[in-house]
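Undergrad: Encoded as structure tokens, here's the structure I'll be asking about.
Every number in this text was worked out from the coordinates using simple rules, so none of it is lab data. Predicted, not measured: the structure shown is a model, and the values here were computed from it. Cβ atoms come from the backbone with ideal geometry, glycine included; neighbour counts cover every protein chain shown.
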Amino acid sequence: MIALKNFPECVLIEKGCEGLPYAREILSRLICPQVEIIPDVRAYLKQIAPEPSFLSSGKRTLLLMKNRGRFIKRCPGTRHHLCCLYLVLHHAAGCPLDCSYCILQSYLNNPFIVFYVNVEDMLAELRDVFSRTSGAILRIGTGEFTDSLALEHISHTMHLLMPLLKKFPNVFLELKTKMADIDSILACEPRRRIIFSWSLNPEAVVRAEESGTAPLEERLAAASRAQSTAGGHPVAFHFDPLLRFPGWEDAYTEVVRSLADAVDLSRTLWVSMGTFRFSPSLKHIIEERFPQNRLIYEEFIRGEDGKMRYFKPLRREMYAHVLRALRAARPDVFTYLCMERDDVWDEVYGFHPENNLHLKKMLDERCLEALHSH
């Protein structure tokens, strides 16, 4: 398990960033790490050996640098698959947790944990986007390229975003996480527009494949606190990735039962489902870093997006099983599929959203219902 309290062992700082206020704030929260100024980050990263084994040491190193691109991006959806048009805030990259199946191992171009410290540029871009779309619901999240809460005690990202959230009532912020330390955020306003969402898997998977994360029981206890705190935060859950392994049916049924015991599913914004998918290059990385992992040896097929997925009948079976368990616990629970085609929706639900905008509208309406509920 990665000791997040001792993170990082080393800090790399892009030359010119050491004087930025946010970089100084971050350094002030760290306990005497080794600090090195990097004259040219891009040249430095090109020299980094791409071996999978370097990912482990990279997770103990913090890189403070400028983001020279856009901070706000669309969720990287797949052509011909339904997508909810989620917005992603690219404020950081890399995750200090170490899930064996994590696609970031092959997706990012460097092994370090990156914080982008030109936050004034980020806030200006957010203000611009929020201002130009004030008539529409915006769902934005911080958990696409990192865990939303794993390093909040260092980044204080929520403190940066709160003033903007208060100013723009059309914006809902989703914090996707596998952690359980949410107490510093429970009092944050606007509570009804800060969505805590947890990725869920059976406890056996958590112990074997999700190093550094909170146990399932602690995640569910945190969700209960978020839902029951004064004013109430909306909560959501993601069975993504759903994983096949011997006994997966009973294991996921038990997770759903534990979830239903911990929270009021009638007040849960949504539960998404998506199956394990990965780029072919990830298989070699998993084999080297996690030789005990057997998840990559199931029945996969290469999809049109180039990613490896379970065969479609296997995916349908998994979705249908988890959906039955959820509906047995709460018949009207709101669920949806992440990155699936129309025909899979039809076979699981008996219908499919007309297009991406329709799916977006479904989730936007859930946000509005939560905003006006008591």
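Undergrad: What is the dipole size for the chain, taken about its Cα centre, with +1 at each Lys and Arg Cβ and -1 at each Asp and Glu Cβ, in debye to the nearest 20? Working shown, then result.
TA: Details: 47 positive and 47 negative charges, 148 e Å.
Rounded to the nearest 20 debye, it is 720 debye.
Undergrad: Report the Stokes-Einstein translational diffusion coefficient (µm² s⁻¹, integer) for region 79-167, Rh taken as the Kirkwood radius over Cα pairs, at 37 °C with viscosity 0.692 mPa s. Can you show the working numbers first?
TA: On the way: Rh = 14.7 Å.
Translational D for this selection: 223 µm²/s.
Undergrad: So, in nm, how far is label Y349 from label H80 when the simple model puts each one 7 Å beyond its Cα toward the Cβ?
TA: Inter-label distance under the simple model: 2.0 nm.
Undergrad: Within straight cross-link reach of K307, meaning Cα distance under 17 Å, which lysines are found once same-chain residues fewer than 8 apart are removed?
TA: Result set, ordered by chain and number: K283.
Undergrad: Still on this model: Are there any chymotrypsin sites (Phe, Trp or Tyr not before Pro) in region 293-374 that are in a DSSP loop and have at most 16 other Cβ atoms within 10 Å? List them by number.
TA: Working: sites: Y297, F300, Y310, F311, Y319, F334, Y336, W345, Y349, F351; in loops: F311, F334, F351.
Hits after loop and neighbour filter: F311, F351.
Undergrad: Using only the Cα atoms of region 167-280, build the gyration tensor, take square roots of its eigenvalues as a ≥ b ≥ c, and label the shape rounded, prolate or oblate: rounded if a/c is under 1.5, else prolate if a/b is larger than b/c, else oblate. Can you show the working numbers first?
TA: Values: a/c = 1.98, a/b = 1.70, b/c = 1.16.
Here region 167-280 falls in the prolate category.
Undergrad: Hey, how many Å between the Cα centroid of region 217-246 and the Cα centroid of region 145-210?
TA: 11 Å
Undergrad: Turning to a different aspect of this structure: Straight-line reach only, C-alpha to C-alpha below 13 angstrom: list the aspartates and glutamates that K15 could link to, leaving out same-chain residues fewer than 8 apart.
TA: E36, D40
Undergrad: Computed on alpha carbon atoms, what radius of gyration and Dmax characterise region 1-145, expressed in Å?
TA: 16.5, 49
Undergrad: Another question about this same structure. Distance from the Cα centre of region 274-295 to that of region 322-357, in angstrom?
TA: 27 Å
Undergrad: Sticking with this one: Under a 10 Å cutoff between Cα atoms, tell me which one of G141, G303, G247 has the largest fluctuation in the Gaussian network model of the chain.
TA: Per the Cα network of the chain with a 10 Å cutoff, G247 tops the list.
Undergrad: State whether region 66-372 is rounded, prolate or oblate according to the following rule on the C-alpha gyration tensor (a ≥ b ≥ c being the square roots of its eigenvalues): a/c under 1.5 gives rounded; otherwise a/b larger than b/c gives prolate, and the remaining case gives oblate. Show your work: numbers first, answer last.
TA: Values: a/c = 1.37, a/b = 1.21, b/c = 1.13.
In terms of gyration-tensor shape, rounded.
Undergrad: Could you name the aspartates and glutamates whose alpha carbon sits less than 13 Å from that of K5, not counting residues in the same chain fewer than 8 places away?
TA: By straight Cα distance, K5 reaches E152, D181.
Undergrad: Could you work out how far apart the two model spin labels at E218 and H153 are, taking each label as a point 7 Å from the Cα in the direction of the beta carbon, and quote it in nm?
TA: 1.0 nm
Undergrad: Per DSSP H run of at least 4 residues, take -39500 (n - 2.57); add these up for the chain, divide by its residues and hand me the 222 nm value, nearest 500 deg cm²/dmol.
TA: Numbers: 15 runs with 144 residues, N = 374.
About -11000 deg cm²/dmol.
Undergrad: Lone cysteines in the chain, defined as no other cysteine's Cβ under 4.7 Å from theirs: which are they?
TA: If one checks each Cβ against the other cysteines of the chain, C10, C17, C32, C75, C83, C84, C95, C188, C338, C367 turn up with nothing under 4.7 Å.
Undergrad: Quick one: net charge around T213, please, counting Lys, Arg +1 and Asp, Glu -1 for every other residue with C-beta under 10 Å from its C-beta.
TA: Numbers: positive: K178, R207, R219; negative: D98, D147, E209, E210, E218.
Cβ neighbours under 10 Å give a net charge of -2.
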